[in-house]
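The values are calculated or read from the model by the stated rules, or taken from the named source; none is laboratory data. Since we're looking at a predicted model, the values are computed, not measured. No Cβ is skipped: glycine too gets one built from the backbone with ideal geometry, and neighbour counts run over all protein chains shown.
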Amino acid sequence: MAKLSLPLVVSALISQAVLSARPAFVSNSATGLPSFDFLTAASVCILALLFLFYGLRRQVEEAARLLMAGTTLLGTLSGLILWKTWVDSSRAFAGPFYLLATPLGFLGIYSSFRSYYGTLSQRKRSILIIGSLTFLGSLIGTIFSLTFVILLLLALSMVDFFLVESDLLRKSVGEGEYGVMTATTSLPLEKYTVGFGDFAAYSILAASSVRINVFTGIATLVLILIGSLATFRMARARTKAPGLPLPIWLGLLPTVLGLLG
């Protein structure tokens with residue numbers, strides 16, 4: 001479980017570092033909704049999903065590789081934003097950031113192209129995507145309100161449950177193409193595979209949980225792992241199981257109780 005637990009611990013530590021350096025960064029939006037146009041955001045998300053679904057039906061492997069390349073770019077940008085936020089708020093020496101930001105940004109772009117064209121080994125690609133998702137999840141879990149994060153994770157878990165139980169993607173793209181898609185967008189973990197989207201959701205939850213307190217973060221990490229183990233056992237018995245519902249629903253309990261308390 002080290003491949004699963006390590007990114008979550010890193011997400012929690014990143015969020016804690018940013019919040020410790022600048023408590024006011026999220027203090028005014030801990031429970032309230034962030035001030036942006038939700039209708040526009042929802043519309044953009046729906047359009048993106050429709051384009052993605054259309055791409056999966058036409059060119060499954062190319063769409064999956066494009067998604068992974070985009071994830072690398074977003075992860076690189078998220079890491080730089082978090083680093084800059086920490087530097088500004090902690091009044092740390094900014095020299096290393098300004099010295100390394102451009103090379104790291106270029107490295108992220110270069111790696112995303114290599115990931116898209118398939119010139120990275122499976123191990124390097126997995127490390128790259130997991131790292132990117134860790135930074136992306138840390139950013140989302142740190143800057144958005146807990147209310148928004150909870151609603152987002154609940155929505156993602158329900159969508160995941162529907163897609164897996166209805167077998168919609170497999171029926172839409174076909175058995176062979178579905179295997180290609182899952183191989184591109186998942187990580188082998190012992191006898192099971194974990195989708196990169198699951199890693200992103202887990203990272204968001206781990207990062208947001210420490211905003212209550214450290215003990216809430218620890219409890220959340222433990223419950224995510226318990227939910228993941230239960231999901232693995234379910235997958236062994238049923239050959240398939242949605243990766244988000246149990247880990248997310250269990251992992252949200254400490255945060256929800258903390259807010260209610």
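Scanning segment 76-94 for residues that are under 21 Å from residue 106 (Cβ atoms) and aliphatic (A, V, I, L, M) gives 77, 80, 81, 82, 87, 94. If I filter segment 93-106 for residues that are touching a helix residue (DSSP H, G or I) at 6+ places or on another chain (Cβ under 9 Å), at pLDDT 85 or above and crowded, with 19+ Cβ neighbours inside 10 Å, do I get at least one hit? No, there is no match, as no residue in segment 93-106 is touching a helix residue (DSSP H, G or I) at 6+ places or on another chain (Cβ under 9 Å), at pLDDT 85 or above and crowded, with 19+ Cβ neighbours inside 10 Å.
Matching residues to (1) farther than 28 Å from residue 218 by Cα; (2) at pLDDT below 75; (3) assigned to a helix (DSSP H, G or I):
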residue: 16; (1), (2), (3): no, no, yes
residue: 26; (1), (2), (3): no, yes, yes
residue: 32; (1), (2), (3): no, yes, no
residue: 42; (1), (2), (3): yes, yes, yes
residue: 46; (1), (2), (3): yes, yes, yes
residue: 49; (1), (2), (3): yes, yes, yes
residue: 72; (1), (2), (3): no, no, yes
residue: 84; (1), (2), (3): no, no, yes
residue: 88; (1), (2), (3): no, no, yes
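In segment 212-251, of all residues being surrounded by fewer than 22 Cβ atoms within 10 Å (Cβ to Cβ) and assigned to a loop (DSSP other than H, G, I, E, B), the one that is modelled with the lowest pLDDT corresponds to 239.
Every listed requirement among (1) surrounded by fewer than 19 Cβ atoms within 10 Å (Cβ to Cβ); (2) at pLDDT 90 or above; (3) of a type in the set (A, V, I, L, M) is met by residue 133 save one, (1).
Residues in segment 64-113 that are charged (D, E, K, R), over 18 Å from residue 138 (Cα atoms) and in contact (Cβ under 8 Å) with a residue 12 or more places away in the chain: 65 only.
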